[in-house]
Amino acid sequence: MRLFDPNRSVRSVPAIWRAECASTIVSLGPAPGGFADAAWLPEIAPAADHGAADERHLVFDIAGVRHRWRVLAASANVPLAILLPPLGDALRAAACDAARRLFAGLSMAEPASVMRPSALQRQRLTLLLHVLDGSLAGASNREIGLRLVYPWLAGTDALAWKATSERRRVQRLVAEARDLAASGYRDLLRG
């Protein structure tokens, strides 16, 4: 069974992600009896809905914000509570806060920026993608370094390049870019 159709728009038919692979997924469980802040699922149609065993995976687009929830309840007709993430998972904490704000009827504006990479992170990820592209195209580390990372050193001869600290940094960038492509992107999704 396929969980997404690659020929359709992700906006209209979002893919269902596994919670352990994406920090933007919020887990909701049945609220304990008498829990004052328990909430019900919104009474709107989800953009995606997938049931598996004793859990449901739901995607809602509400007020311009995409919410991805894993509901750990046999029935959706029970009040739910947000299951908090472990400490140190800032992206999942921001997603939980967005869900809390939605259930409380508050604005979504505050946590949305936390869930996006900063300008510096975007710049570094862009550099890593360019380094990876160069490496996969067969460019040597020296070519990558002198064309992409340190273009102002373009006139440096091979012997001088070999002794520079910039050469070692390029080696680390190539290794990091390859790791990111191999499986490190999952760490980005986890936060």
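Here are some notes:
- Test: residue in segment 154-165 that is under 20 Å from ALA182 (Cα atoms) and either without any contact (Cβ under 8 Å) to a residue 40 or more places away in the chain or assigned by TED's automatic domain parsing to the domain that holds SER183 (or both): no
So that you can scan it fast, the table gives a plain yes or no per residue for (1) modelled with pLDDT of 90 or more; (2) touching a helix residue (DSSP H, G or I) at 6+ places or on another chain (Cβ under 9 Å); (3) of a type in the set (A, V, I, L, M, F, W, C); (4) part of a helix (DSSP H, G or I):
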site: PHE103; (1), (2), (3), (4): no, no, yes, yes
site: ARG122; (1), (2), (3), (4): no, no, no, yes
site: LEU127; (1), (2), (3), (4): yes, yes, yes, yes
site: LEU132; (1), (2), (3), (4): yes, yes, yes, yes
site: GLY138; (1), (2), (3), (4): yes, no, no, no
site: GLY145; (1), (2), (3), (4): yes, yes, no, yes
site: ARG168; (1), (2), (3), (4): yes, no, no, yes
site: LEU180; (1), (2), (3), (4): no, yes, yes, yes
site: LEU188; (1), (2), (3), (4): no, yes, yes, yes
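- Residue within segment 65-87 that is closer than 30 Å to ARG172 by Cβ, modelled with pLDDT under 80, not aromatic (Phe, Trp, Tyr) and not assigned by TED's automatic domain parsing to the domain that holds ALA182 present: yes
- The listed residue being at pLDDT 90 or above and exposed (fewer than 15 other Cβ atoms within 10 Å of the Cβ), out of ARG116, ARG172: ARG172
The values are calculated or read from the model by the stated rules, or taken from the named source; none is laboratory data. Source: prediction; values computed, not measured. Cβ sites come from the backbone with ideal geometry, for glycine too, and all protein chains shown count toward neighbours.
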